[in-house]
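Student: Below is a structure I'd like to ask you about.
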Amino acid sequence: QVQLVESGGGLVQPGGSLRLSCAASGITFRSYAMSWHRQAPGKERELVAAITSAGGSTNYTDSVKGRFTISRDNAKNAVYLEMNSLKSEDTAVYYCNARRVTVAKYEYAYWGQGTQVTVSS
């Protein structure tokens, strides 16, 4: 059974920091690209940051560049999102995603249950 369990969300003041964690089980973690997505009330889910299976490449949505850092530890089957200089517009439910596409182009994708991040004074 595949599980992605996010943690680390909470209430933080503008300008503050949070570190999200996502613990994976039931998959060969090192074979999966990992990403963080978020969904604010009334908005569509958006990609925030992604990292390749070996961790050699990352990418970010423009609004978080320079403030957020995605990383992974394949020995611990975990992916992290370090969030600094948080703004009210970062308020959302943050989701962890694991994705693998086979040579035959078959896609495996899994989602966590989400963790709430609220940025407010």
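Student: What's the carbon and sulfur percent of the chain's accessible surface, probe 1.4 angstrom, rounded to a whole number?
Tutor: Working: 3000 of 6570 Å².
C and S atoms contribute 46 percent here.
Student: With every protein chain left in place, what is the accessible area per residue of region 1-85 in square angstrom, probe 1.4 Å? List each step's numbers first, then the result.
Tutor: On the way: 4480 Å² over 85 residues.
Here the residues of region 1-85 average 53 Å² of exposed surface.
Student: Now for a separate question. In a GNM of the chain with a 10 Å cut-off on Cα contacts, which of K65, K105, K87 has the highest mean-square fluctuation?
Tutor: K105
Student: Using θ = phi - 60° and the Karplus form 6.51 cos²θ - 1.76 cosθ + 1.60, what ³J(HN,Hα) does each residue of region 97-105 get, whole Hz, x for Gly and Pro?
Tutor: So the Karplus estimates, Gly and Pro as x, are 9, 10, 9, 9, 10, 6, 4, 7, 6 Hz.
Student: Here is a follow-up. Please compute the modelled spin-label separation between V101 and T118, points set 7 Å along Cα→Cβ, answer in nm with one decimal.
Tutor: Inter-label distance under the simple model: 3.9 nm.
Student: If you don't mind, another one. So, counting K/R as plus one and D/E as minus one, what does the shell of residues with Cβ under 12 Å around C22 add up to?
Tutor: Numbers: positive: R19, R72, K76; negative: E6, D73.
Net charge in that neighbourhood comes out at +1.
Student: Go through region 25-121 and name the GluC sites (Glu not before Pro) that are in a DSSP coil and have 12 or fewer other Cβ atoms within 10 Å of their Cβ. It would help to have the intermediate numbers written out before the result.
Tutor: On the way: sites: E44, E46, E82, E89, E107; in loops: E44.
Sites meeting the loop and neighbour criteria: E44.
Student: I've got another one for you. I'd like the Karplus ³J(HN,Hα) series for region 107-112: coefficients 6.51, -1.76, 1.60, θ = phi - 60°, whole numbers in Hz, and an x wherever there's a Gly or Pro.
Tutor: Here the 3J(HN,Hα) series is 9, 10, 9, 9, 10, x Hz.
Student: Report relative contact order for the chain in percent, whole number only (criteria: Cα-Cα under 8 Å, sequence separation at least 6).
Tutor: Details: 290 pairs, mean separation 41.9, N = 121.
Once normalised by length, the contact order is 35 percent.
Student: In vacuum, with every alpha carbon of the chain counted as one equal point scatterer, what does the Debye formula give for log10 I(q)/I(0) at q = 0.10, 0.11, 0.16, 0.21 Å⁻¹? Two decimals, please.
Tutor: Cα-only, vacuum Debye calculation for the chain: -0.28, -0.34, -0.71, -1.17.
Student: Now for a separate question. With θ set to phi - 60° and the Karplus curve 6.51 cos²θ - 1.76 cosθ + 1.60, what are the ³J(HN,Hα) couplings of region 40-50 in order, to the nearest whole Hz, using x for Gly and Pro?
Tutor: Along region 40-50, the couplings run 8, x, x, 10, 6, 5, 10, 6, 9, 7, 9 Hz.
Student: Sticking with this structure for a sec: Could you compute how fast region 1-47 diffuses translationally, taking Rh as the Kirkwood radius over C-alpha pairs and applying Stokes-Einstein at 4 °C with viscosity 1.567 mPa s? Give it in µm² per second. Each step should come with its number before you reach the end.
Tutor: Numbers: Rh = 13.0 Å.
In µm²/s, the coefficient rounds to 99.
Student: Could you pull out the chymotrypsin sites (Phe, Trp or Tyr not before Pro) across region 41-113 that fall in loop regions by DSSP (anything but H, G, I, E, B) with no more than 15 other Cβ atoms inside 10 Å?
Tutor: Working: sites: Y60, F68, Y80, Y94, Y95, Y106, Y108, Y110, W111; in loops: Y106.
Loop-located and lightly packed - Y106.
Student: Only Lys, Arg, Asp and Glu count, each charged at its Cβ (+1, +1, -1, -1), so figure out the dipole size of the chain about its Cα centre, rounded to 20 debye.
Tutor: Numbers: 13 positive and 9 negative charges, 50 e Å.
For this selection, approximately 240 debye.
The values are calculated or read from the model by the stated rules, or taken from the named source; none is laboratory data. Every value quoted in this text rests on a predicted model; they were computed, and no experiment measured them. We place every Cβ from the backbone using ideal geometry, glycine too, and count neighbours over all the protein chains shown. To get the accessible areas, we keep the full protein, side chains included, count just its heavy atoms, and leave off ligands, DNA and RNA. Shrake-Rupley method; radii C 1.70, N 1.55, O 1.52, S 1.80 Å.
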